[in-house]
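Here is the structure we will look at, set down as structure tokens.
The values are calculated or read from the model by the stated rules, or taken from the named source; none is laboratory data. Keep in mind that this is a model prediction, so the values were computed, not measured. Every residue, glycine among them, receives a Cβ derived from its backbone with ideal geometry; neighbour counts consider all protein chains shown.
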């Protein structure tokens, strides 16, 4: 499927972006600690900046992790089912996941939109937009919801192939 292949490439890009953010955050903290202990002059707002970056590092890779099967699965019951019924259980699970992440996406978007509309800032040595960190949750949950749709379609395709 062309769309699915494109979305998988997009997922890899998003994970790379999150990795770069994580490395930048680690270097910033390392530099802050060095500046604090060597020159008694820490970076202004480095803790707050890392708090704004952390949600992006956490939420962006969710969809990729689902795509590669990296999320925790409990298969105690389903491993004893025939393959076709395991796929049916997977579809049910992905539908429940989709509904769950859609609800989280909706309410986190409302929280982000409110924060953005009032231009909420963090109390730090420099002015930092608090809404920029709040945007990570609706984006990440939207992407994993989209991945749930792809997982459902992929599983349906496997069931159809199994029938043949």
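Descriptive notes on the structure:
- Selection of the stretch 107-149 for residues being assigned to a loop (DSSP other than H, G, I, E, B) and either in contact with a strand residue (DSSP E or B) (Cβ under 6 Å, 6 or more places away or on another chain) or under 22 Å from residue 97 (Cα atoms) (or both) yields 127, 135.
- Residue within the stretch 150-162 that is farther than 16 Å from residue 68 by Cα, modelled with pLDDT of 95 or more and assigned to a helix (DSSP H, G or I) present: no
- Among the residues listed as 12, 36, the single one being surrounded by fewer than 14 Cβ atoms within 10 Å (Cβ to Cβ), in a helix (DSSP H, G or I) and in contact (Cβ under 8 Å) with a residue 24 or more places away in the chain: 12
- Residues located in the stretch 77-105, provided they are in a helix (DSSP H, G or I), more than 24 Å from the chain's Cα centre (by Cα) and without any contact (Cβ under 8 Å) to a residue 40 or more places away in the chain: 78, 79, 80, 85, 86
- Pair list, Cβ < 9 Å and 6+ apart or interchain, from the stretch 42-71 residues that are under 30 Å from residue 152 (Cα atoms) to residues that are buried (at least 16 other Cβ atoms within 10 Å of the Cβ) and modelled with pLDDT under 90: 63/7; 64/8; 67/7; 67/8
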